[in-house]
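All remarks here apply to the structure that follows.
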Amino acid sequence: MQNTFLRNKRGGAALWLVLIIAVGALYAGYYYLQGTPRFALIQFKRAIVFKDAELAERYLDMDGFIYKLLGGLYNETEKETVKKRIIYEINWPSQKSAFASVKNWSVFTVPIQIDVDNESATAEPDEGTDVRLEKKGERQWIITRINFNKAQ
């Protein structure tokens, strides 16, 4: 009896080898993407679109965002109030939400400028909207500042 696994008409082992290489390449690409600032933008947009404040908090430096939003002058009560309001805006966005324009960000095609030190990056995902990202740890980027378009 012949060994049909290696010599069948459909390619047998070669087909499995190609599939394994394709899956490996997809995994390697996804692993690389996770360590880029673009992945942080994608995940933040996903959090806004799907109303997931927990995911948004992973990719948004909430304390730094609030600090810059309030100009550095606030007490803990004000900070917690603003944080609750931001979480509410993410979970229940309306047409007039501060984060409504995030749904229109072009996160896949936007050019991202990574600084020379490879610790910070900037992007303009929407006309007039500037986003600053900083590296947190080895492979994660977080959004530290969002300057929204004034026309909103």
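Read-outs throughout are calculated quantities, based only on the coordinates presented, and are distinct from any laboratory measurement. Here the structure is a predicted model, which is why all the values come from computation and not from measurement. As a convention, Cβ positions derive from the backbone with ideal geometry for all residues, glycine included, and neighbour counts pool all protein chains shown.
Roughly how big is the chain's charge dipole about its Cα centre, with Cβ charges of +1 (Lys, Arg) and -1 (Asp, Glu), in debye to the nearest 20? Kindly include the intermediate steps, with their values, before the conclusion.
Working: 21 positive and 18 negative charges, 172 e Å.
The calculated dipole for the chain is roughly 820 debye.
Which loop-located chymotrypsin sites (Phe, Trp or Tyr not before Pro) does segment 10-112 contain, where loop means any DSSP state but H, G, I, E or B and the Cβ has at most 12 other Cβ atoms within 10 Å?
Details: sites: Trp16, Tyr27, Tyr30, Tyr31, Tyr32, Phe39, Phe44, Phe50, Tyr59, Phe65, Tyr67, Tyr74, Tyr88, Phe99, Trp105, Phe108; in loops: Phe50, Tyr74, Phe99, Trp105, Phe108.
Qualifying residues, ordered by number: Phe50, Phe108.
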Subject >> Among Tyr74, Ile143, Val102 - extreme Cα towards positive end, dipole of the chain, charges at beta-carbon >> reply: Val102
Original post:
Quick one: if the Förster radius is 22 Å, what FRET efficiency do Val116 and Thr36 give, using the C-beta to C-beta distance and rounding to 0.05?
Top reply: 0.85
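When N is the residue count of the chain, what does its C-alpha Rg come to as a fraction of 2.2 N^0.38 Å? Show your work: numbers first, answer last.
Values: Rg = 21.5 Å, N = 152, 2.2 N^0.38 = 14.8 Å.
It is 1.45.
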Subject >> Karplus-derived 3J(HN,Hα), 6.51/-1.76/1.60, for each residue of segment 34-39, Hz, glycine and proline x >> reply: 4, x, 10, x, 4, 4
Original post:
Ordered by residue, what ³J(HN,Hα) values in Hz, to whole numbers, does segment 97-108 give under the Karplus form 6.51 cos²θ - 1.76 cosθ + 1.60, where θ = phi - 60° and Gly and Pro are x?
Top reply: 5, 5, 9, 4, 6, 4, 4, 9, 5, 9, 6, 7
**OP:** Could you pull out every residue, at least 5 positions away or on a different chain, whose amide H is within less than 5 Å of the one on Arg145? Hs are placed 1.01 Å off N in the peptide plane, and Pro or chain starts have none.
**Re:** Arg132
Subject >> Inter-probe distance in nm under a simple model that places probes 7 Å from Cα toward Cβ, at Lys51 and Arg145 >> reply: 3.2 nm
